[in-house]
Ligand code: BG6
């Protein structure tokens, strides 16, 4: 159902998104300490266990530490932004970016997480990056933590399970606010705060088997600490940098019922409530009754952080943000579900095609989600991740003919314009991995999302030189016309 009111507001923030652990590289440069992502290895495809690197156990972690010299650790290299940031930001400037989403590596500033004072080289690096962005009129959009915890905290405190991690994180975020508040207006506290429920290692830097708590309780305890840390950070923004705009973020999964059987519809509603509950807390300031009922039913007992209710109520965000990749089909009989990509299980949707990694392609679902979120929160919405992971081939004339990426992105941008025409306040769109980087779910370089090709393979071979893909000029034109070029194609 197209919408002839489709439009993009003036000042719409077009851009692209990255994360430090997948993009920055320079893992041991400038005094940086190791992050838990630096211990995820690339497992050869033939041995690929679908649960890796989603599920890193304590034994796997010990094994990685024991074989530091032999194993392949792609997140240590990223796409080498650390050494090439000037060239990369110039490319983003050439595309006319209004914003660039990046994250800060906590361990580049506080190598173990425990230090009181940050590492000077790291502090300077981010000043230089922000200055470079402003040179091209690009507003940085900074994620304070994107799956990236100093490994010391993972090893010694079991990551976010320990309330002391809240204290260390807030020490870090207060520093970020004091130091960079005049260079960065747009902030996100946690990347995909709900992903800890799909991957406790990625999202929480924790090993459930090392906890004295049952696994699910351990995960929700750690999530509680993250929600508290986020709220304390937002409160500090309010008191010390009121001009900054701060958002939360979840991996949004729009769920559809398998049939119109009310049992399927109810199961779908519950999945949607479950997906939204961290945003409910971060946008409205308290735990919704649906999740408290779930805790009661499952016997999950959370140790509430002191003054939790007040902290959450005082730390609500200015905008809500999402990553959006695919949707899911839910049946009241969960055994019917199959894996979709690396992260979730759901039914296949026969109406949709999928990417080479099995993620269904559903631009209309994005319009539905944006409308739902407007009704639920009444806050501006930022789509801070979306994109197509594909096998790209560099041609003899040094480009990539990625029409498939153009088609995918155009369809999603059109859906955003239509949602905007429906009356949703959308702040901006930053497509994922705008310059090729290491895939998170598969720890590989060959799942590429960018408008710029990076000459590197899964083993780190290659020059790391950058090449403009066909989508580069296409996206440049989308930005130059404020989305009109896409809407007119309809
Ligand atoms: C999001 C994450 O879940 O999906 C990113 O925030 C990630 O870090 C992106 O890279 C795409 O997933 P993948 O597994 O294709 O890299």
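Annotations
- Filter result for residue 234 (at pLDDT 95 or above, farther than 28 Å from residue 330 by Cβ, within 23 Å of the chain's Cα centre (by Cα) and not in a helix (DSSP H, G or I)): no
- Flag if residue 479 is within 26 Å of residue 352 (Cα to Cα), surrounded by fewer than 24 Cβ atoms within 10 Å (Cβ to Cβ) and at pLDDT 95 or above: no
- Restricting the range 335-361 to residues that are in contact with a helix residue (DSSP H, G or I) (Cβ under 9 Å, 6 or more places away or on another chain) and in contact (Cβ under 8 Å) with a residue 60 or more places away in the chain, the residue that is farthest from the ligand (Cβ to nearest atom) is 347.
- Taking the numbered list (1) in a helix (DSSP H, G or I); (2) more than 22 Å from residue 305 (Cα to Cα); (3) without any contact (Cβ under 8 Å) to a residue 12 or more places away in the chain in turn, residue 167 passes all entries but (2).
- Taking the range 56-106 as the region of interest, the helices (runs of 4 or more DSSP H) fully inside it that hold 1 or more residues being surrounded by 20 or more Cβ atoms within 10 Å (Cβ to Cβ) and touching a strand residue (DSSP E or B) at 6+ places or on another chain (Cβ under 9 Å) are 74-77, 81-94.
- Boolean, residue 475 is more than 16 Å from the ligand (Cβ to nearest atom), under 14 Å from residue 17 (Cβ atoms) and outside any loop (DSSP other than H, G, I, E, B): yes
- One residue alone among 433, 428 is buried (at least 18 other Cβ atoms within 10 Å of the Cβ) and within 20 Å of residue 320 (Cα to Cα), and that residue is 428.
- Residues satisfying the stated conditions in the range 1-41, i.e. part of a helix (DSSP H, G or I) and either farther than 17 Å from residue 143 by Cα or in contact with a helix residue (DSSP H, G or I) (Cβ under 7 Å, 6 or more places away or on another chain) (or both): 21, 22, 23, 29, 30, 31, 36, 37, 38, 39
- Residue within the range 21-44 that is more than 16 Å from the ligand (Cβ to nearest atom) and at pLDDT below 95 present: yes
- Residue in the range 423-433 that is in a loop (DSSP other than H, G, I, E, B) and at pLDDT below 95 present: no
- Screening residue 422 against (1) surrounded by 18 or more Cβ atoms within 10 Å (Cβ to Cβ); (2) on the phi < 0 side of the Ramachandran plot leaves a single unmet condition, (1).
- Failed item, numbered, when residue 446 is tested on (1) within 13 Å of the ligand (Cβ to nearest atom); (2) crowded, with 22+ Cβ neighbours inside 10 Å; (3) within 22 Å of residue 470 (Cα to Cα): (2)
- Among residues of the range 185-200 being in contact with a helix residue (DSSP H, G or I) (Cβ under 8 Å, 6 or more places away or on another chain) and not in a helix (DSSP H, G or I), the one that is nearest to the ligand (Cβ to nearest atom) is 192.
- Looking across the range 140-155, the residues that are touching a residue at least 60 places away in the same chain (Cβ under 8 Å), assigned to a strand (DSSP E or B) and within 16 Å of the ligand (Cβ to nearest atom) come down to 141, 143, 144.
- Scan the range 201-217 for residues that are touching a helix residue (DSSP H, G or I) at 6+ places or on another chain (Cβ under 6 Å) and free of Cβ contacts under 8 Å to residues at least 60 places away in the same chain and the total you get is 6.
- From 271, 309, residue being touching a strand residue (DSSP E or B) at 6+ places or on another chain (Cβ under 8 Å), outside any strand (DSSP E or B), closer than 25 Å to residue 191 by Cα and away from the ligand (no atom under 16 Å from the Cβ): 271
- Selection from the range 362-375 of residues that are in contact with a helix residue (DSSP H, G or I) (Cβ under 7 Å, 6 or more places away or on another chain) and surrounded by fewer than 24 Cβ atoms within 10 Å (Cβ to Cβ): 363, 364, 371
- Residue match in the range 396-415 (condition: buried (at least 24 other Cβ atoms within 10 Å of the Cβ), more than 22 Å from residue 18 (Cβ to Cβ) and more than 16 Å from the ligand (Cβ to nearest atom)): yes
The values are calculated or read from the model by the stated rules, or taken from the named source; none is laboratory data. From a predicted model like this one, the values you see are computed outputs, not experimental measurements. Backbone-built Cβ (ideal geometry, glycine too); neighbour counts: all protein chains shown.
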